[in-house]
2 protein chains.
Amino acid sequence: MPEFKDLIKFIRIEVNKSLKKIPIPQKPKYLYDPIRYSLKGTGKRFRPILVHLVGRANNIDPNVIMNISLSIELLHNFTLIHDDIMDKDTIRHGQKTIHEKWDESSAILSGDGIFALSQIILSSINDNSTDLFRHFNKATLEICEGQALDKEFENNSLITEKEYLDMIDKKTGALLSISATLGPIYSGIDSSYIEHYNNFGRALGKGFQIHDDLLEITSSPERMGKSLGSDLEEGKQTMMVIKARTNYPKEWDNLIKSSNNSDLIKNCKTFFEDKNIFDKTGLMAKSYFNSARKSLAKIDNINTSELLEFVNIIEKRAF
Amino acid sequence: MPEFKDLIKFIRIEVNKSLKKIPIPQKPKYLYDPIRYSLKGTGKRFRPILVHLVGRANNIDPNVIMNISLSIELLHNFTLIHDDIMDKDTIRHGQKTIHEKWDESSAILSGDGIFALSQIILSSINDNSTDLFRHFNKATLEICEGQALDKEFENNSLITEKEYLDMIDKKTGALLSISATLGPIYSGIDSSYIEHYNNFGRALGKGFQIHDDLLEITSSPERMGKSLGSDLEEGKQTMMVIKARTNYPKEWDNLIKSSNNSDLIKNCKTFFEDKNIFDKTGLMAKSYFNSARKSLAKIDNINTSELLEFVNIIEKRAF
C-alpha cells in the first residue's frame, strides 16, 4: 500500500517542518543550543504521526492536532535527554547525546526547558484545555515511574514478565496512550470511547517495545548500537533475558558466566534461537498488536483503516 | 504587628499540612522516596504565602488559591533539586540534597516527577485554566533561562550589574511574578492590573535576591552555609562581587589572589565594608522593595495592606 507510506512520510515531513518553526531564542546559549540540536534530531516521529492519524479519523482541526503532536514529541525528547544521562548513553540516532556533546548540567536544564516548551505549545490551543494538561502531566508522571522501575530493575534478576510488562506500559505505553487520546479528549468525545483509545495506545506501546527489544539483537549491527553488549553483560532485563532466566535458570547462568565480552552477543543469540525465545517473544509482541486492533474495532464511530495500517507498519518495522 | 506575623505563620502551617496531604504513592521507591523527602522539607514557603495573600486581597476561592500555591511551591522544589545537582550543593536548609542522599539519576527523575505533579495539582482547578498553564510554563522556561545564565556567568569576570539583574529577574523574579499573578488571572481581573502584579512580583524578587546575597555573607556562619567560601574562591558572581570588581578592579584582583582559603571570607567582608559595598548593595535592594510598593499602590481596587506588610517582612528578614 504505497499511498499509506506516502501519507506517513508526508506527516513526518510536516511535523519536522513545524518542529523547526518553533521559535527558539538565541540566548542563553547554554539552554537553547542543546534544545535546538535536540529538535533537529532524526527521530521516527511515530508518536506525532499517531496523533495526526487519530486527528484525521476524527476530523479534528489540523492546527490543534499539529500543536498536540508537537507537544507530545517535545515531551518524548525531554524524557530521552534525561534518560540518556541516567543510562550514560553517548549516542542516540547516530548523534551524540546532549550530556555527551555539552555536559550533564546543560542536558538536565535543556530537558527541563523542552518540557516547559511542550506545555507552552499545548497552551496555544485556544480552548478550555485543562483536561489536556491533566492527562499530559499524569502521563509524564507515569513515564517517570516507568523510568524509575527500569532503574530499579537493573541487575535485579528476580524481575518477572509481569513486572517487566508493567514497566514498559508506563515507560512506553503511557506516551502512546496520550498520543491516541488527547485529540479525542479535545474534541469532547464520549468517555467510553476514550477508554478504547487508551487501551489501543497502551497495547500498541507494549507491542512496540517488545518488538524493539527483539530488533535490538536481531537486526543489523548498526541498529544494535554500542550498548547491547554491555547491557547484556551488566544484566539489564529484557523480555528475552527474563524468559531465558526464568525458564532455563542454570543454563542461562552458565552462559553469562562462561561468555566473554567478544562472544556474549553471539552466544545469547544462539541461546535465544535454540530455546525458541525469539519466537515466543515475537508471538508476545504479536498478541499486543492484535489487542491494539481489537480496541480499534470497538471504536465504531470512525473509519479506523489508517490506524490499522499504522499498526501494521509498526509491527513490520525492521529498523 | 504581631497579628500579621501570626497570619504568616498560620498560612505556612496550612501550606505545610496541604503539602503533606498530597497523595504520593509508595512505589516505585526510586521515584517517590525522594519526592516525599523533598515535600517534608523546611522551606520558608514565601512563594505560597504570597499566593495566599494576593488571594485574600482579591477574595478568591481559598481552595483554588491553595492549589495554585502548592503547584508553585512544587515548581520551586523541582528547580531547587535540579539546581543543586548542577551546582554540586550537598546541603539545603540543613538537610542533605537529593543527589547527595540518593544519587544523581534519582534527583533528575524526582525533580521531573515533582514538576509533573505540580501541574497535576494545577489541573485540579475545575475551570478554564489554559491561561494558568501558559503563564506557569512560560515562567518555568524563564527560570531555566535564569539558571542557564547563572551557569554561563560562573567564572566570567566581565558580567555587568545589568546582566546580573537580568539573570536574577529570570531566576527569582519570574517565580514571584506568577506567585502574584496566577490568582488574579484565574479570577479574570482586568489585564492592566495583571501588569502591576507582575511588576510587583518581579521587583520583590530582585529585592529578595539582592538581600539574599547580602545575608549570605553578613549573617550567622550557619546561614552562610558551606558554599560561600568556595563560591568566592571559584569566582561566582554576586552583586557585591560585581561592584567590587568593576569599581576597584586592581584592589579586588589583589585581594582574591593574595587571600588563602581560611581568610578569604573575612578579607572580602572587610573590603565590602571599607568600600561601602554593603551599604550600596543594601540601598539597591531597598530601591527594588520600594518599587514593589509603588506597583502595589497602582492596584487601587483592593486593600493592599497585607501585601505591604509582606514586603516589610521580606525586607527585614535576617535569616
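The sole residue among A:73, A:104, A:100 that is of a type in the set (Asp, Glu) and touching a Pro at 6+ places or on another chain (Cβ under 9 Å) is A:73.
Within segment A:84-97, the only residue that satisfies the criterion of being at the interface with another protein chain (Cβ under 9 Å from one of its Cβ atoms) and surrounded by 20 or more Cβ atoms within 10 Å (Cβ to Cβ) is A:85. Within segment B:122-139, the residues that satisfy the criterion of being surrounded by fewer than 22 Cβ atoms within 10 Å (Cβ to Cβ) and more than 20 Å from the chain's Cα centre (by Cα) are B:124, B:125, B:126, B:127, B:128, B:130, B:131, B:134. Within segment A:268-319, being acidic (Asp, Glu) and more than 29 Å from residue A:57 (Cβ to Cβ) holds for A:273, A:274, A:279.
Considered as a group, the residues in segment B:110-124 that are in contact (Cβ under 8 Å) with a residue 12 or more places away in the chain and of a type in the set (Val, Ile, Thr) include one that is nearest to residue B:80 (Cα to Cα), and that residue is B:114. Just wondering, is there one or more residues in segment B:204-221 that are within 13 Å of chain A (Cβ to nearest Cβ), under 30 Å from residue B:278 (Cα atoms) and in contact (Cβ under 8 Å) with a residue 60 or more places away in the chain? Checked segment B:204-221: no residue is within 13 Å of chain A (Cβ to nearest Cβ), under 30 Å from residue B:278 (Cα atoms) and in contact (Cβ under 8 Å) with a residue 60 or more places away in the chain. Restricting attention to segment B:32-76 and to residues that are among the charged types (D, E, K, R) and not in a helix (DSSP H, G or I), the residue that is surrounded by the most Cβ atoms within 10 Å (Cβ to Cβ) turns out to be B:45.
In segment A:60-109, what residues are among the polar types (S, T, N, Q) and touching a residue at least 12 places away in the same chain (Cβ under 8 Å)? Once the filter is applied, which keeps residues that are among the polar types (S, T, N, Q) and touching a residue at least 12 places away in the same chain (Cβ under 8 Å), segment A:60-109 yields A:67, A:69, A:71, A:77, A:79, A:90, A:95, A:97, A:106. Of the helices (runs of 4 or more DSSP H) lying entirely inside segment A:179-254, those containing at least 3 residues that are modelled with pLDDT of 85 or more and more than 22 Å from the chain's Cα centre (by Cα) span A:191-218, A:239-247. Selection of first residues in segment B:125-146 that are over 20 Å from residue A:75 (Cα atoms) and among the aromatic types (Phe, Trp, Tyr) and of second residues that are buried (at least 23 other Cβ atoms within 10 Å of the Cβ) and at pLDDT 95 or above, restricted to Cβ pairs under 8 Å at least 6 apart or on distinct chains, gives an empty result.
If we scan segment A:155-175, do we find a residue that is within 9 Å of chain B (Cβ to nearest Cβ) and of a type in the set (Ser, Thr, Tyr)? No: segment A:155-175 contains no residue that is within 9 Å of chain B (Cβ to nearest Cβ) and of a type in the set (Ser, Thr, Tyr). Could you tell me whether segment A:58-65 includes any residue that is within 14 Å of chain B (Cβ to nearest Cβ) and more than 30 Å from residue B:163 (Cβ to Cβ)? Yes, segment A:58-65 contains a residue that is within 14 Å of chain B (Cβ to nearest Cβ) and more than 30 Å from residue B:163 (Cβ to Cβ).
Results for (1) among the charged types (D, E, K, R); (2) at pLDDT below 95; (3) not in a helix (DSSP H, G or I), shown as yes or no for each residue.
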position: A:125; (1), (2), (3): no, yes, yes
position: A:128; (1), (2), (3): no, yes, yes
position: A:133; (1), (2), (3): no, no, no
position: A:138; (1), (2), (3): yes, no, no
position: A:141; (1), (2), (3): no, no, no
position: A:148; (1), (2), (3): no, no, no
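Checking each residue in segment B:256-271 for being assigned to a helix (DSSP H, G or I), under 22 Å from residue B:219 (Cα atoms) and of a type outside the set (Ser, Thr, Tyr) picks out B:256, B:264, B:265, B:266, B:267, B:268, B:269, B:271. In the set A:67, A:77, A:59, A:63, only one residue is on the phi > 0 side of the Ramachandran plot, among the polar types (S, T, N, Q) and modelled with pLDDT of 95 or more; that residue is A:59.
Within segment B:124-133, being facing chain A (nearest Cβ under 7 Å) and small (Gly, Ala, Ser) holds for one residue alone: B:129. Answer with yes or no whether residue A:282 is in the same structural domain as residue A:163 (by TED's automatic domain parsing) and modelled with pLDDT under 95. Taking the combined requirement at face value, the residue does not satisfy it.
If you filter segment B:1-55 down to residues that are closer than 30 Å to residue A:148 by Cβ and among the aromatic types (Phe, Trp, Tyr), you find that the one that is nearest to the other protein chains (Cβ to nearest Cβ) is B:30.
Conditions tested, residue by residue: (1) aliphatic (A, V, I, L, M); (2) in contact (Cβ under 8 Å) with a residue 40 or more places away in the chain; (3) crowded, with 19+ Cβ neighbours inside 10 Å; (4) closer than 28 Å to residue A:155 by Cα.
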site: A:234; (1), (2), (3), (4): no, yes, no, yes
site: A:261; (1), (2), (3), (4): no, no, no, yes
site: A:266; (1), (2), (3), (4): no, no, no, yes
site: A:272; (1), (2), (3), (4): no, yes, yes, yes
site: A:290; (1), (2), (3), (4): no, no, no, no
site: A:299; (1), (2), (3), (4): yes, yes, yes, no
site: A:307; (1), (2), (3), (4): yes, yes, yes, no
site: A:313; (1), (2), (3), (4): yes, yes, no, no
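Checking each residue in segment A:98-123 for being touching a Ser or Thr at 6+ places or on another chain (Cβ under 9 Å), more than 7 Å from chain B (Cβ to nearest Cβ) and assigned to a loop (DSSP other than H, G, I, E, B) picks out only A:102.
The values are calculated or read from the model by the stated rules, or taken from the named source; none is laboratory data. Fair warning: this is a prediction, and the values are worked out from it, not measured in the lab. Note that each Cβ is placed from the backbone with ideal geometry, even for glycine, and that neighbours are counted across all protein chains shown.
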